[in-house]
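I have placed the structure first, in the form of structure tokens, so that the comments after it can refer back to it.
Each reported figure results from applying straightforward, stated rules to the coordinates on display, with no laboratory input. No experiment lies behind these values; they were computed from the predicted model shown. Positions of Cβ are generated from backbone atoms using ideal geometry, with glycine treated the same way; all protein chains shown enter the neighbour counts.
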Amino acid sequence: MTGLARRAFLKRSTGAVGAMALASLLSESRAATGEAAAAVTHKAKAKRVIYMFQSGAPSQQDLFDYKPAMQEYFDKDLPPEVRNGQRLTTMSSGQSRFPIAPTKYQFQQHGESGAWLSELLPHIAEIADDACFVKSMHTEAINHDPAMTFFQTGSQIAGRPSMGSWVSYGLGSMNENLPTYVALSSRGSGRPSCQPLYDRLWGSGFLPTVYSGVKFRGQGDPVLYLSNPAGVDRALRRQLLDDINRINEENKQVYQDPEIDTRIAQYELAYRMQASVPELIDFSDEPKHILEMYGPDVHRRGSYAYNALLSRRMLERGVRFVQTFHMGWDQHANMSGQLPGQCRDADQPSAALVKDLKQRGMLDDTLVVWGGEFGRTIYCQGKLSRENYGRDHHPRCFTIWLAGGGIQPGTTYGATDDFSYNIVENPVHVHDLHATILHLMGVDHERLTYRYQGRNFRLTDVHGELVHGIMS
């Protein structure tokens, strides 16, 4: 046997062995797809989700969790029995004392529900009767990256599928011309360069990559590599894709790699998006009063306001899961200098999105989620004054709010102690939130699984209880 023949023989033999292994994996993938279908157990109240993730962790005491008694505790040390040995971050572990920093911002009750909200959120105050404020969220991570990863994937360790990927895998697409799952990001006015965002936050982990989120960018082409290169028109692009697809089909017959199906599907989706995306990002058909409702930044690509309106347009066109990430909520030392601008970024567009969905009849079957990865400490990090202070990370309690899609409107759920430090009523864990989101979409979180490395994985791992008190 010649060297050339030997190499050909080994190549064919290796391919055959690989094909058998990949066929086994493919059968697992097909079984998982069946499990995903079986996980849809009841009628959904929410067809779609918009998750406005506030990266960096908004301060609950300055925005939602009103604690007037703290005014009398200014600059007094946090009682040891309140902290109760909680671990500290490296940012404040060296402090000799932990002086209490009451909020400098005024609170008022709003709507028939009487929800307490800070003066920094006048527009969200207008939708208080549409929202459910969960004041008893808690998490396990104390630093940003593992905490954000935990909120997106149900695990602090990178590599698991994101929530949007699980939803995409379990429920499939509602349109042919746009992705099922889209991620958008914006930089805030608070600390615009604080915590980085990684593509894995909207990645598919060990699920087939067809379920990954597609990131729309705030500058240049909305989606990378979507535009045709110079000299290539749409007809030529179609011809090239047909040729590439034929090669991919031949490779699939040889290697039985399910990722080849993903590649073919994504090429075809990209071709259709060449026609659908320009219309999607063209706001010229939006009435003036709608644009004004989202605020002055709505025309600035990549801003929070722009992404909020773009999200609504995506949801209208059948995108099932949209996630916006807004950076800049990490106020460690300059609350009065950073928080007001950060709130101006997010307040008006967030409320506008809820109002817009409601007036279009979409809020009833669209689930809106708003919140960060953990809360902030009542004690001051850094220099303390009546007018300025900083706050460290606090995983024990924080506030998020939800609206639409089966959520009980005009409610407040859970409560914290006088220091906004410990939960005293109805704790809600991250896994509980995930389980409830899936339930509202008609999915049993315990049955939405995928077999990987010999184990059935799910978004809620082996945890998660439905939060019945926030559902209508």
Query raised in the report: Say each of D145 and D221 gets a label point 7 Å from the Cα, pointing the same way as Cα to Cβ; how far apart are those two points in nm?
Result: 2.9
Query raised in the report: Given just the C-alpha atoms of the chain, how large is their convex hull per residue in cubic angstrom?
Result: 171
Requested in this report: Pairs to check: K43/K135; K67/K135; K45/K215; K45/K135. Give those whose C-alpha atoms are more than 18 Å from each other in this structure.
Outcome: K43/K135; K45/K215; K45/K135
Requested in this report: Please identify every one of the chymotrypsin sites (Phe, Trp or Tyr not before Pro) in the range 218-326 that sits in a loop by DSSP and has no more than 14 other beta carbons within 10 Å of its own beta carbon.
Outcome: Y225
Query raised in the report: For the Cα atoms of the chain, what angle does the longest principal axis make with the long axis of helix 258-280, in degrees from 0 to 90, nearest 10?
Result: 60
Query raised in the report: In degrees between 0 and 90, to the nearest 10, how far off the longest principal axis of the chain does helix 430-440 point, with axes built from Cα atoms?
Result: 60
Query raised in the report: Based on DSSP H runs of at least 4 residues, each adding -39500 (n - 2.57), what is the mean residue ellipticity at 222 nm of the chain after dividing by all its residues, to the nearest 500 deg cm²/dmol?
Result: -11500 deg cm²/dmol
Query raised in the report: Given the chain, what percent of its DSSP beta bridges are antiparallel, to the nearest 5?
Result: 50
Query - the range 356-406: projected area of the alpha-carbon convex hull, averaged over directions, in nm² - result: 5.4
Query raised in the report: What angle, in degrees between 0 and 90 and rounded to the nearest 10, separates the Cα long axis of helix 3-38 from the longest principal axis of the Cα atoms of the chain?
Result: 50
**Report entry** Translational diffusion coefficient (Stokes-Einstein; Kirkwood radius from C-alpha pairs) of the range 223-280 at 4 °C, 1.567 mPa s, in µm²/s
**Finding:** 105
Query raised in the report: So what's the gap between the Cα centers of the range 232-265 and the range 74-94, to the nearest angstrom?
Result: 58
Query raised in the report: How about the range 206-245: which trypsin sites (Lys or Arg not before Pro) there are in a DSSP loop, with at most 10 other Cβ atoms within 10 Å of their Cβ?
Result: none
Query raised in the report: Can you pull out the trypsin sites (Lys or Arg not before Pro) in the range 252-355 that DSSP calls coil and that have at most 13 other Cβ atoms within 10 Å?
Result: R300
**Report entry** Qualifying lysines (Cα of each under 26 Å from Cα of K288; at least 8 residues distant if same chain)
**Finding:** K355, K358
Query raised in the report: Along the charge dipole of the chain, Cβ charges K/R +1 and D/E -1, which of P427, V40, Y181 sits furthest on the positive end?
Result: Y181
Query raised in the report: For C380, C132, C194, what ranking results if the residue with the fewest other Cβ atoms within 10 Å of its Cβ goes first?
Result: C194, C132, C380
Query - Sites A415 and E81 - FRET efficiency at Förster radius 22 Å, r taken between beta-carbons, to 0.05 - result: 0.75
